[in-house]
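Participant: Sending over a structure as structure tokens; questions will come in a sec.
No value in this document is a laboratory result; all are computed from the given coordinates. None of the values given here were measured: they were computed from a predicted structure. Reconstructed Cβ throughout: ideal geometry from the backbone, glycine too, with neighbour counts over all protein chains shown.
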Amino acid sequence: MAFKDGDFVKVEYSAWRMVDGSLVYTTDEKKAQDADIFDKDTRYGPQLVVIGKGMLIKSLEDAIRGMGLNETKTLELEPRDAFGERSQELVRVISIADFRKRDIEPYPGLRIDIDGLSATVKSVNSGRVLVDANHPLAGEKVRYEIKVVSQLSSEEDKVRSFAEMYKLAPAKIEIEGKTATLVFGTEIKKDANFLVNKSQAVSSILAYMEEIEKVVAKEEYEREKGKIEEGKKEQKEEDKQQEE
């Protein structure tokens, strides 16, 4: 079985630096914990990939195209086929004052985005900050192990996968014509992270699913038990204080 551009698949994969065999990324939570690279903000488990959309590096997408379901493949990639060669032009010095005027205190290892530059702080010395915009694996040989675990065919499954990508769990998904409706129940916390993730999920659905032209996000809210009585009690106390 071969996959083509536009196919939606879910994959598991891990990447190691070939120079020392260290694990640098994995979709497997246990592997991440064992290698001491676990990140609580990372969503582990099979990852959604839309073939041909650049969601993975080209070498991995090319490998997936020729794979079958439940097939595992190992790739050893030269820098040119992984994250490219290192470029000295992407290493620059920025004044520490430029950080502080943005309320940022730089330190080695900090990932930044300043003036459209996504980079890593390498060192901080005498008011000068050395930043490197090369990919952390640029110039390195990388070994990948990748497995295709499923292919998504229904529009509902595709929409749900985009929601999961941004750590959302809709209580219900409905597809009617070219409209996708996502319902977020009362059990879901509607905080700032929810709002950001919802916006990103909606944008991704519209960007990657040509068959969907409209996305409706419904949010359900429910008053917490006891809030009415509590509110009445507070109001009575306020009224009493005003009378006094």
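Participant: Looking at (1) loosely packed, with under 15 Cβ neighbours inside 10 Å; (2) in contact (Cβ under 8 Å) with a residue 24 or more places away in the chain; (3) touching a strand residue (DSSP E or B) at 6+ places or on another chain (Cβ under 9 Å); (4) closer than 25 Å to residue 112 by Cα, find the lone condition where residue 37 falls short.
Facilitator: (2)
Participant: Follow-up question, since we're still on this one. Just the residues that are in contact with a Ser or Thr (Cβ under 8 Å, 6 or more places away or on another chain) and more than 19 Å from residue 81 (Cβ to Cβ), please, taken from segment 125-163. Give the derivation first.
Facilitator: Narrowing segment 125-163 to residues in contact with a Ser or Thr (Cβ under 8 Å, 6 or more places away or on another chain): 127-134, 136, 138, 143-147, 152, 162.
Residues satisfying the conditions are 127, 128, 129, 130, 131, 132, 133, 147, 152, 162.
Participant: May I ask you to verify whether residue 122 is crowded, with 17+ Cβ neighbours inside 10 Å and assigned to a strand (DSSP E or B)? Before you say what the answer is, go through the steps one by one.
Facilitator: Working: crowded, with 17+ Cβ neighbours inside 10 Å: no; assigned to a strand (DSSP E or B): yes.
Spelling it out, it is not the case that residue 122 is crowded, with 17+ Cβ neighbours inside 10 Å and assigned to a strand (DSSP E or B).
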